[in-house]
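Each remark here refers to the structure printed beneath this line.
The values are calculated or read from the model by the stated rules, or taken from the named source; none is laboratory data. Everything numeric in this text was worked out from a predicted model, so none of it was measured. Because the Cβ atoms are built from the backbone with ideal geometry, glycine has one as well, and the counts that use them run over all protein chains shown.
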Amino acid sequence: MRIDKYLWAVRIFKTRSDAAEACKGGKIKVNGADAKSSREVKPADMITVRRMPVVYTYKVIAVIDKRQPAKNVPLYIENITPPEELAKLTEAHLTAFIRREQGTGRPTKKERRDLEKFQDLKI
């Protein structure tokens, strides 16, 4: 099975073309080697997917050719990403990024001034 089709089938990428683009961009490795989208995947292969800021690691359990429901994905691939890598997801939110809750709309004039003042302090 082709790696781009496999990554799409186990729901790591939303579309097969996204998976192929990641392969072309050098973001996918199989057993430590760069993978073209036509690379064959076999059981027990280790797949590394670089999605900034995290590098995910997966172990192939079984090969499939059709997209699976999310509840069946653990039957075909195992996520063995180290906890240190997953911690990078929360660290990004702890930096100087300002996060507004979705649906609160645009900032008011006062909130905008406070944001600009905060950003000037960081620079």
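Of note:
- All of (1) part of a helix (DSSP H, G or I); (2) closer than 22 Å to residue 5 by Cα hold for residue 43 with one exception: (1).
- Residue check: residue 48 meets all listed conditions (1) more than 17 Å from residue 78 (Cα to Cα); (2) touching a Ser or Thr at 6+ places or on another chain (Cβ under 6 Å) but one, namely (1).
- Qualifying residue in the stretch 66-74 (condition: assigned by TED's automatic domain parsing to the domain that holds residue 14, under 16 Å from the mean Cα position of the chain (by Cα) and within 14 Å of residue 12 (Cα to Cα)): yes
- Only listed residue being surrounded by 12 or more Cβ atoms within 10 Å (Cβ to Cβ), among the hydrophobic types (A, V, I, L, M, F, W, C) and out of contact with any strand residue (DSSP E or B) (no Cβ under 8 Å at 6 or more places or on another chain), chosen from 30, 63, 55: 63
- Top-ranked residue in the stretch 66-81 [being part of a loop (DSSP other than H, G, I, E, B) and in contact (Cβ under 8 Å) with a residue 40 or more places away in the chain; ranked as surrounded by the fewest Cβ atoms within 10 Å (Cβ to Cβ)]: 66
- For the stretch 15-40, the candidate set comprises residues that are of a type in the set (Gly, Ala, Ser) and not in a helix (DSSP H, G or I); within that set, the residue that is farthest from residue 82 (Cα to Cα) is 38.
- Taking the criterion of being in a loop (DSSP other than H, G, I, E, B) and modelled with pLDDT of 95 or more, the only residue of the stretch 46-61 that qualifies is 61.
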